[in-house]
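Chemist: The structure's right below; bear with me while I get my questions together.
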Amino acid sequence: MKDAALVRGVGVRGAVAINAISMIGIGPLITIPLVLGALHGPLSLAGWVLGAGLALCDGLVWAELGSLYPGSGGTYGYLLEIFGRRGPGRLLAFLFVWQTVFVAPLNQATGYIGFANYAGYLVPSLAASQRALQLVAVAVGVVTVAALYRGIGTISRTSIVLAVASVATLLCVIAASFAHFAPAQALSLPPKDSLWAGLRAGLGQALIIAMYDYLGYNQSSCIGGEVRDPSRTIPRSIVISIVLVAALYVAMQVGVLGAIPWQSIVPHADGSLPPLGAHVASAVVERSFGVAAATVVTILILVTAFASVYGNLLGYSRVPYAAASDGLFPLAFARVHGRHRFPNVSLAVMGVLALPACFFPLDAIINALTTGIVLIQSIAQIVALAVVRARGVRAPYRMWLYPLPALLALAGWIYVFLSAGGPAIAFGVVSLGAGIAVYAASRYGRERASHGGSS
């Protein structure tokens, strides 16, 4: 068993913490202006609320499959087990790992970029140089790999500390935003906007951004081989983390709407952010409590940003490890650190691949990473659960009101994919097609070698 070399050192608190820090991070603090640009004023709340609903429906899929197949790799293991290790499951599992190698670095890079942007609030000379910000982002990526290069027990305890810091950061921003809250400003639609017209125009893009901010609720499933009592711990950690984070996101968005005129933080026509939009959380705190308080909160924001990339890279690094352990990926990824028993090669490679992505625009990265996970992870995984149910297999945890949450998740992910725009959709389709070609070529090569050896 590939997970026999790992240590089950993560309990419920640690699993909730890992999910929470993966979700919170820098995401909502850098994407509020983007959501407001898509859905004006109070309409932006629809993106966060509907995103929470989609995350919860999809999270229940993860919870049921995670309780049934609690191994490392998440979706990789589910597809392999359900569709057959010698059948279609082998192709689907390979494609998931292939897509992860494309998507994970993009997701990591958004956290590194966000960290650099908020560092620019503390050091204005950084904010004046795009190249300097990019180099800071790369440096954060290197530090993240170094911080994770240790045993899972230490990581679980660290995750709890970082989760507390992440929640405290959002609570500070929320408190500052409500200190001088203007209800009329927060709840008034722009004069020329209407509810349905506004939603039709921007809901798709807002939902993409919201789902980017909610991603991470599945990390406890990805490290299932290192979770104690996984059939109970994984479902609980997913549901608890989604409910907790959704409440924080909605409260923060309401507070920001009442604290700052939203028109002053949305992106310009060329996609660039105004000064308030680049550091919106710091600006909210500065307006309410002064520069000194804003400096302290910005430092907490940097801790939160680091917490997110820390939790995400932890989960992502276990995916190629799981595939390599099954012979579906280069065997080097299956190596485990001799002393601390963690997949050190997979961690290092996934961490390094994220560094070049720090030089791309943030909104383009978010769209591409979202489409990159939809086809082979979200949709294929929902179909996999339907197959399990059709076979009459009873998982230790079974989702509520099945099949309604699964169908809602399926519809939501299809809508998100189609709303991402041509370039992002092309990225998702082309990268998936390339994975199919690589798999076919690899299989053809193995078959030729096998025939040659037998002749």
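What follows is calculated from the coordinates using simple rules that are stated; it is not laboratory data. No experiment lies behind these values; they were computed from the predicted model shown. Positions of Cβ are generated from backbone atoms using ideal geometry, with glycine treated the same way; all protein chains shown enter the neighbour counts.
Chemist: What area, in nm² and to one decimal, does the C-alpha convex hull of region 7-443 cast on average over all directions?
Modeler: Quarter of the Cα hull surface area: 19.5 nm².
Chemist: Also: What's log10 of I(q)/I(0) for region 248-330 at q = 0.12, 0.18, 0.21, 0.23 Å⁻¹, Debye sum over Cα points only, no solvent?
Modeler: Evaluating at q = 0.12, 0.18, 0.21, 0.23 Å⁻¹ gives log10 I(q)/I(0) of -0.55, -0.86, -1.03, -1.14.
Chemist: Could you tell me how far the Cα centroid of region 378-454 sits from the Cα centroid of region 22-72, in Å?
Modeler: Rounded to whole Å, the Cα centres lie 20 Å apart.
Chemist: Around Gly11, which amide H atoms from residues at least 5 apart in sequence, or from another chain, sit under 5 Å from its own amide H, with H modelled in the peptide plane?
Modeler: Close amide H contacts, sequence-distant or interchain: Arg228.
Chemist: Can you tell me which of 157-163, 389-395 comes out highest on packing, and rank the rest after it, using the mean Cβ neighbours within 10 Å?
Modeler: 157-163, 389-395
Chemist: I've got another one for you. Are there trypsin sites (Lys or Arg not before Pro) in region 266-358 that DSSP puts in a loop and that have at most 10 other Cβ atoms within 10 Å, and which ones?
Modeler: Answer in residue order: Arg339.
Chemist: For a quick size check, give me the Cα extents of region 300-365 along its three principal axes, largest first, whole Å.
Modeler: 36, 26, 14
Chemist: Related question: Determine Rg/Rh for region 5-151; Rg is computed over alpha-carbon atoms and Rh is the Kirkwood hydrodynamic estimate from the same atoms.
Modeler: Here Rg/Rh amounts to 1.03.
Chemist: Sticking with this structure for a sec: Read phi for every residue in region 80-87 and hand back ³J(HN,Hα) as whole Hz from Karplus 6.51 cos²θ - 1.76 cosθ + 1.60, θ = phi - 60°, with x for Gly and Pro.
Modeler: Per-residue couplings from phi come out as 5, 6, 6, 9, x, 5, 10, x Hz.
Chemist: Another question, if that's okay. Using helices alone, I'd like the mean residue ellipticity at 222 nm for the chain: each DSSP H run of four-plus residues gives -39500 (n - 2.57), total over residue count, nearest 500.
Modeler: -24500 deg cm²/dmol
Chemist: Could you sort 419-428, 37-46, 24-33 so that the peptide with the highest average Cβ count within 10 Å comes first and the rest follow in order?
Modeler: The most tightly packed comes first, giving 24-33, 37-46, 419-428.
Chemist: About the Cα centre of the chain, how large is the charge dipole given +1 on each Lys and Arg Cβ and -1 on each Asp and Glu Cβ? Please answer in debye to the nearest 20.
Modeler: That gives a dipole near 1320 debye.
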